[in-house]
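Structure first, commentary second.
The values are calculated or read from the model by the stated rules, or taken from the named source; none is laboratory data. All figures in this text were calculated on a predicted structure; none of them were measured in a lab. Glycine also receives a Cβ, built like all others from the backbone with ideal geometry; neighbour counts cover every protein chain displayed.
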Amino acid sequence: MQFGERAPKSGWQNPARFLAMMVAAFSMAVFGPVATAQEAPAEEVAAETAAPTEAGDAATEATSSYTPLGPDMIVGQPVGAEEDFWGSMQFQPQHSPTGEQALWMHDVILLPVITVISLFVLGLLLFVVARFRKAANPVPSKTSHNTLIEVIWTVVPVIILLVIAVPSIQLLLDQYKSPDKDALTVKVNGYQWYWGYEYPDYGMGEVISNMMPEDEAKEKGLPPQLAVDNRMVVPVGEEIRIQTFGKDVIHAFAVPSLWFKLDAVPGRINEGKIFIDKPGIYYGQCSELCGARHGYMPIALEAVPREQFEAWVLSQGGTLPSAEEEAAPAAADAPADGDAPVEAGDAPAEASDAPAEEAEVALAN
Ligand SMILES: [Cu+2]
C-alpha cells in the first residue's frame, strides 16, 4: 500500500515499480485481510501527523525559544507484550520512506510467500505420509523420473524468487542511496558507553548523550533505559546525513522506527541517511555488543520543525550557516584586491636573505 502511494509519478513508467505494484495487487487480492489490517494504522498515522504539524506552526512563531519535547510526543518506541501482545511481536510502525517501503515488503510480500510455501510443503508431507503409508500402499512404485514435475518444481521457485527480487533490489537501492549534497550532517560518535553528536556545519560543540537515571525518567514520564539527558535533535521532513564513528570499540547506531542501523567502527566513517516524516521522539539502542554497559547507551532522536531545530542550535551555543553566509561575502570583499598579502609574503623572503648574507660574512671572516 504505502509502496504504491509513495511513488505515484513513477508507478507506471518504471517497470520495476509497475511489477511490484502488480505483485501488491495480487497479494492484496489473495491475502486481503493482511493488507487491509495494515492500512488502518496508516490512516491513524496520517491523522496523528496533522496534529503535530499544527503544533509545529505554533512553534514557528516562537522561534527564539526551544523546549525539549515531552512524553506526549514519543513516536518511535518498543512496546511490551503486556501492553500490546501482537504489537510486541512485530516491527515498530515506520516513520521514514524507506522504513514504510521495507515494512510493506515484509508484510505484503515476504510473510505471505513464506506462509503459503510452508503450508503447501506441510500439506504435501501430510498427504504423502497418509497416502503412501505401508498399510495403504504395500507395493511401492519404482518411478524415479517425471519430466513434467521436475520442470514445474524448478520453474515455479524461480518465478517466486523473481517476484521477491524486484521490490527487494529496489528497496536495497533506496536504502543505500546517498543523501542530498546539502543535507544536514550529523556525526554520531559511539563511546563506551554513551553517544556523542556533532553538527559540523553549525559551529557547536559535541552534544554528549548519556542515559537518564531511572528515577528521573519515571518522574518525567519518559521510558526508563531509553530516555537520555541530551537528545540528538534534527529537523523533520528533511534528509539528514548520518556519519558514524567508533571512538573506542565498534558500536552500532540503530533506531528501529526509522529503519536505520549503521555500525560505528573505529578508524572509518560509515554514512547513511535518515528522513523523518513526523515530529516526535524516536528511541533506539546501541546494536553491537560493545562491553559491560552496552545495554545502557540508548539513543533518543528528537525530530522538530526547522525553526525549532535552529533555536536548539542557538541554545547549544552554535551558529546558523545562513548567518555565516551573510557574513562571508563581507569578509571576502576585503582581501579582494589580493596584492597586499602577496607583498607581505615577499617581505619575509627578503628578510630571510639577510641572515644568509650575514652567514657568508661570517664564513669570509
Ligand atoms: Cu555500544
Determine whether ASP248 is closer than 19 Å to GLN175 by Cα, within 12 Å of the ligand (Cβ to nearest atom) and charged (D, E, K, R).
-> no
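Listed here are the residues, each with its yes/no results for (1) within 12 Å of the ligand (Cβ to nearest atom); (2) in a strand (DSSP E or B).
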| residue | (1), (2) |
| --- | --- |
| PHE253 | yes, yes |
| LEU262 | no, yes |
| GLY267 | no, no |
| GLY272 | no, yes |
| ILE281 | no, yes |
| GLN285 | yes, yes |
| ALA292 | yes, no |
| LEU301 | no, yes |
VAL234 passes all but one of (1) buried (at least 20 other Cβ atoms within 10 Å of the Cβ); (2) within 16 Å of the ligand (Cβ to nearest atom); which number fails?
-> (2)
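Confirm whether VAL139 is at pLDDT 95 or above, hydrophobic (A, V, I, L, M, F, W, C) and either more than 32 Å from the chain's Cα centre (by Cα) or not in a helix (DSSP H, G or I) (or both).
no
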Enumeration of residues in region 160-212 that are surrounded by 19 or more Cβ atoms within 10 Å (Cβ to Cβ), within 16 Å of the ligand (Cβ to nearest atom) and among the β-branched types (Val, Ile, Thr) = VAL188
Pairs where the first residue, in region 256-270, is within 14 Å of LYS187 (Cβ to Cβ) and the second is away from the ligand (no atom under 16 Å from the Cβ), C-beta under 6 Å, 6+ apart | LEU262/GLY272; ILE269/GLN243
Working only within region 213-231, note down all residues that are touching a Ser or Thr at 6+ places or on another chain (Cβ under 9 Å) and within 16 Å of the ligand (Cβ to nearest atom).
-> VAL228
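Would you check if there is a residue in region 89-97 being assigned to a loop (DSSP other than H, G, I, E, B), under 34 Å from the mean Cα position of the chain (by Cα) and without any contact (Cβ under 8 Å) to a residue 24 or more places away in the chain?
Among the residues of region 89-97, at least one is assigned to a loop (DSSP other than H, G, I, E, B), under 34 Å from the mean Cα position of the chain (by Cα) and without any contact (Cβ under 8 Å) to a residue 24 or more places away in the chain, which makes the answer yes.
Rundown of residues vs (1) under 31 Å from the mean Cα position of the chain (by Cα); (2) modelled with pLDDT of 90 or more; (3) in a strand (DSSP E or B), yes/no style:
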site: LEU124; (1), (2), (3): no, yes, no
site: SER144; (1), (2), (3): no, no, no
site: ILE149; (1), (2), (3): no, yes, no
site: SER168; (1), (2), (3): yes, yes, no
site: LEU172; (1), (2), (3): yes, yes, no
site: VAL188; (1), (2), (3): yes, yes, yes
Confirm whether GLU307 is surrounded by fewer than 19 Cβ atoms within 10 Å (Cβ to Cβ), modelled with pLDDT under 95, away from the ligand (no atom under 16 Å from the Cβ) and under 14 Å from the mean Cα position of the chain (by Cα).
-> no
